[in-house]
1. Determine whether B:Leu109 is surrounded by fewer than 18 Cβ atoms within 10 Å (Cβ to Cβ) and modelled with pLDDT of 95 or more.
2. Among residues belonging to the range A:3-17 that are part of a loop (DSSP other than H, G, I, E, B) and open to solvent by 60 Å² or more (accessible area, probe 1.4 Å), point out the one that is modelled with the highest pLDDT.
3. Tally up the residues in the range B:153-169 that are assigned to a helix (DSSP H, G or I) and open to solvent by 10 Å² or more (accessible area, probe 1.4 Å), please.
4. Can B:Ile256 be described as among the β-branched types (Val, Ile, Thr), touching a residue at least 40 places away in the same chain (Cβ under 8 Å) and buried (at least 21 other Cβ atoms within 10 Å of the Cβ)?
5. Tell me, please, whether a residue that is touching a helix residue (DSSP H, G or I) at 6+ places or on another chain (Cβ under 9 Å), more than 14 Å from every other protein chain (Cβ to nearest Cβ) and not in a helix (DSSP H, G or I) can be found in the range B:144-152.
6. Can you name the residue in the range B:275-293 that is farther than 30 Å from A:Lys46 by Cβ and touching a Phe, Trp or Tyr at 6+ places or on another chain (Cβ under 9 Å) and is also least open to solvent (accessible area, probe 1.4 Å) among such residues?
7. Among (1) over 17 Å from the mean Cα position of the chain (by Cα); (2) under 30 Å from B:Ala285 (Cα atoms); (3) of a type outside the set (Val, Ile, Thr), which single condition is B:Leu237 missing?
8. Output the residue which, of all residues in the range B:5-20 that are hydrophobic (A, V, I, L, M, F, W, C) and more than 7 Å from chain A (Cβ to nearest Cβ), is farthest from A:Leu100 (Cα to Cα).
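The values are calculated or read from the model by the stated rules, or taken from the named source; none is laboratory data. In this text the structure is predicted, and so the values were computed from the model without any measurement. Cβ placement follows ideal geometry from the backbone for every residue including glycine, while neighbour counts extend to all protein chains displayed. Just the protein is used for accessible areas: all its heavy atoms, side chains included, with ligands, DNA and RNA removed. Shrake-Rupley method; radii C 1.70, N 1.55, O 1.52, S 1.80 Å.
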Amino acid sequence: MHDGSGLIAVQNLTKQFGPVVAVQNLSFTVSPGSVTGFLGPNGAGKTTTLRMLLGLVRPTGGTATINGRPFHQLGQPGRVVGAVLEAQGFHPARSARDHLRVYAAAIGVPDAQADQVIGLVGLGSAADRKVGGFSLGMKQRLALATALLGDPQVLVLDEPANGLDPEGIAWLRTFLQSYARMGRTVLISSHLLAEVEQTVDQVVIISRGQTMFYGPLEQLRQSQQKRVLVQPSDINALATALRAEGVQAIEQLPDGRLAVSGVDSRRVADSALKAGVSIYGIQEEQVDLERLFFQLTSGQYAGYAPAPAPFKQQGGWA
Amino acid sequence: MGLMGNLVQAELRKTTTTGLWWGLLIPTVVLALGWGLATGLLGQFFVDFASSSDVDEVSDFLGVTPDQWKVSLFGIARAINISTIFPMVFGAMAISGEINRRTITTTFLTAPSRMHAMLAKMLVYVLWGAVYGLAIMLFVGIGVVVTSDAGQLPDAGGWAMLTLVCVLSSILMTMFGVGVGALVTNVAGSVVLLLLYFLVIENVLHFVLVYLEVPAVAGFLPNGSINGLTGSVAVDLFLSTAGVVPPEIEDVLRAIAGAGGALDWWWSGLVFLGWAGIVFAGGWAVTQSKDIT
C-alpha cells in the first residue's frame, strides 16, 4: 500500500497525443503542509499532468506518484486523494445530495459525510436541487465537496477559481490554507499567478510542457533584483558617478529615466548629490511577479502586434 | 461491506437517482402488453381458422384439435424478443452515458481500478436486466391471458420456464448493451448501432444465410441466438402437447417462434453469453486504455 507521506512526486513525466507533445520530461515534487501552485499558460500541459497524476491519462513516459504509489495502486484512492478537475461532469437530473451519496458509497464513507461536505462548501440550501440548474460557481463548490468526501490527505485542484465569485475565491483561499496547515498536501493549478499569489507558498511553473521554476514563492520573488528608477537632471553625470562607485547595472529607459539595479534608492540619491545632479523623481520598483511569470512562460503562443493601419481614413462620417 | 460492495451500491444509486430506469421501463411494458394482447387475438383468429373443416389435415398432423394448440407460446417468445430491446438500450447507456456526461472522471477517481468500476456496473445492470425481464414477462402474460382461451395457454411449468428464459434473455441483452456502450463510448452511436443491428442488419443476414442454404448459422449470430433462447423453449413447450410432428413442420414452427437456428435453448443462451462476453471484453479493453481528458 501507499506510505501515507502525502508526497506528490512527478518524475520525467511525458505525454504525447499523436504528434503533439503535451508534457515533456516534467519533474517536481509537492510536499504536505503547504499549498503549491501549479502554474503555466493555457495549453502548457497542466491539466494533462494532473490527469496523469490521477490515473486518468496514461503517460507516454515517466512516473507520477502520490504517497509513493501510482494512482491505481492506492487501494481506495478516494480516501487518499480528492480532485477537482476541469470538465468534471455531473448528471443534470441528479440532485447535489444524491450526487454526493453516489460517490460516498463508492468511497465507502457514511451518507452523513455527504451532508457534512455539502454544508462545508456552502451548498446546504441547494442540496436537493438538480445540478442541471446550478451556476458554474455552484458546480465548482459541488466538485470540491465531492473531492472532500473521503477526507483525503492530498487535494488536487485544476483551475478551481473558475466561475467562483470574489467571495468564493476568498473563501477557497482560506479553506485551502487551513487544509494545508493541518499537514495535508494541496496542489492547485492556475494560468494566472496573481490569482493564486496570495494562496500558495510553493510554485511549480511550467511552459511548453517543461518545468521552468520550482520552489518557494519567496525564492522566486528574490530571484528578481530590485531596480531603482531615477530621473536626474543629467543622465550621463549620474551614470558616470554610479559607475565610479562600482555600480554597473545601469540602463537607460525609453522615457529618459535610468534604471539602476542592485542598489537601493538612498544610495542612488547620495551619489547624485555628490555628483551635483538634481533628482526630479526616484522610485524603487516593486517586484512584479506577474512580469517574471510572463518572462518564464512567454513565447509559447507569441502573437504579433497589430500592424499599423495601411492608410488613413478618408473623410469619415463628417 | 467490501470494496466491490461499495462500488455496487454506488452504481445502484446512480441508476435509481435519475429517471432513466422508469423512462425506459414504461415503453418496455407498454410494448410487452401490446404484444401480449395482439398475440392472444391473432392466436384466437388462427385457431378459429384452423378449426374450420378446410384445414383438418393439419390438425390431424399435429394429433390434437386446434383449440388445444398452445399458439400463444409463439407470440410470447416474439414479445420477449422485441421487448428486451429496451433493457439492451438501458445497458448501452451505462458507460457511454457516463462518458458523454463526463461523470466517468469522478467514477474512476473513486474506484480502486477501472476494472472494479466496470464490474460493479455490470453487476448492477445484470440486476436491472432481471427487473426488466420480470416486468416484461408480467405484462406479456397479462396481455396473453386477457385475450386467449385457456386451452391455448401454457401450463404452470410452461409459465415458469418462459419466465426463466425471459429473465435470462433480458439480463443477457442488458449485458450485451453494456458492452457495446463501452466499446462505442457514444450514446447515440451505440443505441443506433444496436437498434440497426437487431432490427435490420441481422434479419437481412438471416435471409442471406437461407439463400446460401446454411440457415443454421443464424443460431450462432447475436440476434439469432438470443431469439433461440426464448423461441426454442416456446417450440419445445408447443411440441410437448402437440403430439407427433414431422421435422419439416417443426422447422416451420421454429421459424415462427424466431428460433430458426434450431439450437437448444440453453445452447442459444450460452452462444449469446459468448457474444456478450466478447463485446464486454472489447469494451473493457477500450475503457482500460482510454485517456479521460
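1. Values: surrounded by fewer than 18 Cβ atoms within 10 Å (Cβ to Cβ): no; modelled with pLDDT of 95 or more: yes.
So B:Leu109 fails the test.
2. Residue satisfying both the conditions and the ranking: A:Leu7.
3. Start the filter on the range B:153-169 by keeping residues that are assigned to a helix (DSSP H, G or I), which leaves B:156-169.
The next check asks that each one be open to solvent by 10 Å² or more (accessible area, probe 1.4 Å); those that pass are B:156-157, B:159-161, B:163-164, B:167-168.
Final tally of qualifying residues: 9.
4. The answer is no for B:Ile256.
5. Within the range B:144-152, one or more residues are touching a helix residue (DSSP H, G or I) at 6+ places or on another chain (Cβ under 9 Å), more than 14 Å from every other protein chain (Cβ to nearest Cβ) and not in a helix (DSSP H, G or I).
6. Top of the filtered list is B:Ala276.
7. (2)
8. B:Leu20
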